[in-house]
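A.B. asks: Please see the structure below; I have some questions.
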Amino acid sequence: MRILSGIQPSGRLHLGNYFGMMRPAIELQEKGEAFYFIADYHALTSIQNPGDLRRFSREVAMDLLAAGLDPGRSALFRQSDVPEVTELSWILSTVTPMGLLQRCHSYKDKVARGISASHGLFAYPVLMAADILIYDSDLVPVGRDQKQHVEVARDIAIKFNEAYGEVLRMPEPEIRDEVAVVPGLDGQKMSKSYDNGIYLSEPEASFRKKVMGIKTDSTPVEAPKAVEGSLILQLYRLVATEGECRAMEASFLAGGTGYGEYKKELFRALWGHFAEYRRRRAELEASPARVDEVLAGGAARARSVARAVLGRVREAVGLC
Ligand code: ADP
Ligand code: TRP
């Protein structure tokens with residue numbers, strides 16, 4: 001089974017990226033052959049500073065490795081190291097109905113937020129379909145906001161196969177319901193665009209400050225607290241054991257403890273969860289050649305699969 005996912009190097013990664021996409025993707029590497037890539041062609045739709053793009057691409061690579069991606073088992077590579085994907089994207093665009101792209105939320109949302117609507121931003125789901133289909137992917141772990149794009153990839157594969165025969169393999173999205181949307185400090189979806197995130201690379205003092213600043217209601221210390229909808233509990237459940245979660249819920253219902261105490265416990269649990277990540281991240285920062293080597297090895301593996309699938313496609317459409 002081939003597992004594939006990508007992440008855009010468009011800024012520092014936050015807990016939403018980690019729990020929504022990175023951790024599930026890393027856990028899945030046990031279940032099949034995983035290909036994970038840094039979506040730098042995609043990031044060009046929002047970053048026009050070459051220094052930033054290079055820096056963020058490396059940071060994402062280090063973050064994935066530090067979070068547990070095992071380069072002995074899985075391939076980690078830069079999207080642009082497999083340029084075949086842009087050729088497939090063009091071929092797929094010729095079977096993609098305009099209406100399919102016009103319905104995509106993420107394009108509509110970005111335009112609504114004032115990001116200028118380039119053709120690249122509009123056509124981005126076609127490139128994403130090419131990313132998925134060029135590796136004969138079976139499973140695509142993503143956060144819920146990307147589900148529609150995986151469905152678009154399926155629709156495009158169906159269109160292509162209707163026109164040219166059974167050439168492309170049909171992918172399935174994999175979305176973890178329990179972490180489908182990680183809330184940010186203000187209760188909205190955590191996102192780098194909303195300035196409500198806790199970043200993986202956050203230094204201890206600001207990590208603590210952000211946790212202590214999580215939005216809570218004004219229930220007095222003595223009174224029972226609402227378990228439903230509590231941001232503290234939602235974040236705690238991502239890292240605490242079942243027993244710890246039950247204990248905190250029981251204490252919420254009993255009353256007598258202020259939110260400040262729960263936030264301290266949440267900080268302890270979150271900060272502790274990332275201890276191993278911080279250790280590995282510091283090691284990687286000290287050995288840039290190691291990161292280059294991993295990316296080169298991953299690109300070579302990915303590229304040989306991509307060439308074979310693109311070969312099938314070129315043959316099917318009559319380009320060779
Ligand atoms: P952002 O919203 O910060 O720009 P991206 O859109 O670059 O994040 O998302 C990268 C990956 O992380 C995607 O797979 C996305 O689904 C996942 N992701 C981002 N934010 C969250 C969140 N708050 N909860 C769960 N998953 C998320
Ligand atoms: N669009 C995804 C995001 O913004 C990143 C991505 C690009 C991706 N190509 C992909 C994810 C293919 C999964 C599969 O997060």
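The values are calculated or read from the model by the stated rules, or taken from the named source; none is laboratory data. Predicted model only: the values in this text are computed from it and were never measured. We place every Cβ from the backbone using ideal geometry, glycine too, and count neighbours over all the protein chains shown.
A.B. asks: Every residue in segment 37-48 that is surrounded by 19 or more Cβ atoms within 10 Å (Cβ to Cβ) and within 11 Å of ligand 1 (Cβ to nearest atom), please.
C.D. replies: Selection gives 39, 42, 43.
A.B. asks: Output yes when any residue across segment 174-190 is crowded, with 19+ Cβ neighbours inside 10 Å and touching a strand residue (DSSP E or B) at 6+ places or on another chain (Cβ under 6 Å), and no when none is.
C.D. replies: Looking through segment 174-190, at least one residue is crowded, with 19+ Cβ neighbours inside 10 Å and touching a strand residue (DSSP E or B) at 6+ places or on another chain (Cβ under 6 Å).
A.B. asks: Say we look at segment 191-233 and pick out the residues that are among the hydrophobic types (A, V, I, L, M, F, W, C) and in contact with a strand residue (DSSP E or B) (Cβ under 8 Å, 6 or more places away or on another chain); which of these is surrounded by the fewest Cβ atoms within 10 Å (Cβ to Cβ)?
C.D. replies: 231
A.B. asks: Read through the list (1) more than 26 Å from residue 11 (Cβ to Cβ); (2) free of Cβ contacts under 8 Å to residues at least 40 places away in the same chain; (3) more than 16 Å from ligand 1 (Cβ to nearest atom), then give the number of the only condition that residue 172 fails.
C.D. replies: (3)
A.B. asks: Is it true that some residue in segment 82-101 is touching a Gly at 6+ places or on another chain (Cβ under 9 Å), modelled with pLDDT of 95 or more and within 16 Å of ligand 2 (Cβ to nearest atom)?
C.D. replies: Looking for residues that are touching a Gly at 6+ places or on another chain (Cβ under 9 Å), modelled with pLDDT of 95 or more and within 16 Å of ligand 2 (Cβ to nearest atom), one finds none in segment 82-101, hence no.
A.B. asks: Can you go through 233, 295 and tell me which one is of a type in the set (A, V, I, L, M) and in the same structural domain as residue 24 (by TED's automatic domain parsing)?
C.D. replies: Just a single option satisfies the conditions, and that option is 295.
A.B. asks: Given the criterion basic (Lys, Arg), in contact (Cβ under 8 Å) with a residue 12 or more places away in the chain and away from ligand 2 (no atom under 13 Å from the Cβ), identify the matching residue among 159, 147, 108.
C.D. replies: Only one candidate passes the filter, namely 159.
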